[in-house]
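The values are calculated or read from the model by the stated rules, or taken from the named source; none is laboratory data. This one's a predicted model, so the numbers in the text were calculated from it and none came from an experiment. Counting neighbours? That spans all protein chains shown, and the Cβs are built from the backbone with ideal geometry, glycine included. Surface areas here come from the heavy atoms of the whole protein model, side chains and all, with no ligands, DNA or RNA. Shrake-Rupley method; radii C 1.70, N 1.55, O 1.52, S 1.80 Å.
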Amino acid sequence: CPVVLALKNSSVAMPPPADIVKVAIEWPGAYPKLMEIDQKKPLSSIIKEVCDGWSLANHDQFALQHADSSNFYITEKNRNEIKNGAILRLTTSPAQNAQQLHERIQSSSMDAKLEALKDLANYSRDVTFAQEFINLDGISLLTQMVESGTERYQKLQKIMKPCFGDMLSFTLTAFVELMDHGIVSWDTFSVAFIKKIASYVNKFASDISILQRSLAILESMVLNSHDLYQKVAQEITIGQLIPHLQGTDQEIQTYTIAVINALFLKAPDDKRQEMANILAQKQLRSIILTHVIRAQRAINNEMAHQLYVLQVLTFNLLEDRMMTKMDPQDQAQRDIIFELRRIAFDAESEPNNSSGSIEKRKSMYTRDYKKLGFINHVNPAMDFTQTPPGMLALDNMLYFAKHHQDAYIRIVLENSSREDKHECPFGRSSIELTKMLC
């Protein structure tokens, strides 16, 4: 019986060699071709064999790519990733495809140009194609299109605006994908291009795709080039970024925080504290709590990471103060302790220009420092010589005394009248709390 013979033969058949991969190959207008690929043979020989099967000449102008959503080209480097049962596609070579798209995106027809830019945005994810397109000076072509795009269609703005928005979105997408391969240095871009990208953060705030890609480009510029950081920092302010955190799109919020983090990370040491002060003035913490952390949606992994980075960067600003011992001879530092005393006891103590003796004033200060809860009543500066918490403890105490004055005075007065076994001295407690936080 033929069926029995077939089963018998299959039972003794040897497994296929490890270098042989069984695939299906597609070609537009033809039935898929089932074939075995010998991974030991040169890729060019395999492509020639496929082309010959469909009677296609000039096999060097063709290539194989995955027929899935990635459309990635198969090369000698990645061919070992082909699995049994994979579906491949015969298509134009990366060099041919890059040349054609390079010409198509310069078409005078808006519809043809738009379609070409859409294809370019898709193909640019593939490093093999990207290398070929970049070799044609494709990055420069895209940046020129961005720089001149708005002005070129200014007269037809009402007619072209929807089409221009799509074209710009695909152009920026292709640019981001091409640059992500790390083939081209970020140091090569002009101030005009940076200004244009920065302007899109405000001009196209309602267009999510343009805004997202513009923020991504700004982040990469700042992180990858010191010169570009300085130029971007001149074009983008925290005030321009904050509104994008108050929207509902978490991806835009994530990219916005990523730009803030990048600017923070690359800022010179003397500028970081200034930037932190601006973030505080702009109520950044409150905005993030309201519109991100307490929003009615889960925080994705990338947003969680960016928030973590922001926390690290802001906490790191405290490290210097945390590791700085107080210098008992530094009058400016001692003045902070005098200010704590003045805020707590000003109403009941004698003015500084009183006629009391120096000894009397020293005795009064010692009494007040004891009420404030310092360990060293005579010279409280000695309480801040341990690191951590160092001067950070004193900074926290002064902030509390100035910004929550009524609570500060109440705590000091209540504890100064308690029995020793029930006391919670403000000075020692503040230092210990800060140390625990450190």
Taking the Cα centre of the range 20-92 as origin, sum charge times position over the Cβ atoms of Lys and Arg (+1) and Asp and Glu (-1), and report the length of that vector in debye to the nearest 20.
140
Within the range 306-407, what whole-number % of the accessible surface is contributed by carbon and sulfur, with the 1.4 Å probe and all protein chains included in the calculation?
52
For the range 237-327, which GluC sites (Glu not before Pro) are in a loop by DSSP, counting at most 13 other Cβ atoms within 10 Å?
none
At Ile183 and Glu302, where each label point lies 7 Å from the Cα along Cα→Cβ, what is the point-to-point distance in nanometres?
2.3
How large is the helix-only mean residue ellipticity at 222 nm for the chain, computed as the sum of -39500 (n - 2.57) over DSSP H runs with n ≥ 4, divided by its residue count, in deg cm²/dmol to the nearest 500?
-19000 deg cm²/dmol
For the chain, what proportion of DSSP beta bridges, expressed in % and rounded to the nearest 5, is antiparallel?
80
Which one of Asn376, Ala267, Met179 has its Cα pushed farthest toward the positive end of the charge dipole of the chain, where Lys and Arg give +1 and Asp and Glu give -1 at the Cβ?
Asn376
Assigned charges on the beta-carbon of Lys, Arg, Asp, Glu; the chain dipole about Cα centre (debye):
720
Projected label distance in nm at Lys203 and Ser286, using a 7 Å step from Cα toward the beta-carbon
3.3
Pairwise label distance in nanometres, Gln331 with Ser108, each label 7 Å out on the Cα-Cβ vector:
7.9
Among Ser44, Ala30, Ile20, whose Cα lies farthest out toward the positive end of the dipole of the range 20-92, if unit charges sit on the beta carbon of Lys, Arg (+1) and Asp, Glu (-1)?
Ile20
If R0 = 41 Å, then Thr237 and Asn78, at their Cβ-Cβ distance, give a FRET efficiency to the nearest 0.05 of 0.40
If each Cα of the range 224-322 is one equal point scatterer, what is log10 of I(q)/I(0) from the Debye formula at q = 0.11, 0.16, 0.20, 0.21 Å⁻¹?
-0.32, -0.68, -1.05, -1.15
Quick one: among Ala393, Ala401, Ala205, which has the greatest mean-square fluctuation in a GNM of the chain with alpha-carbon springs under 10 angstrom?
Ala401
Could you check how many percent of all C-alpha pairs in the chain are farther apart than 36 Å?
54
Take the alpha carbon atoms of the range 20-92, find their radius of gyration, then divide it by 2.2 N^0.38 Å using N residues; give the quotient.
0.99
Taking the Cα centre of the range 37-131 as origin, work out the dipole magnitude from +1 charges on Lys and Arg Cβ and -1 charges on Asp and Glu Cβ, in debye rounded to 20.
200
Suppose all protein chains stay in the model; what accessible area per residue would a 1.4 Å probe give for the chain, in Å²?
56
Specify the residue with the greatest mean-square fluctuation among Arg104, Arg367, Arg285, computed from a Gaussian network of the chain linking alpha-carbon atoms under 10 Å apart.
Arg367
When the chain is treated as a GNM, springs tying every alpha-carbon pair under 10 Å, which of Ile210, Ile336, Ile278 comes out with the largest mean-square fluctuation?
Ile336
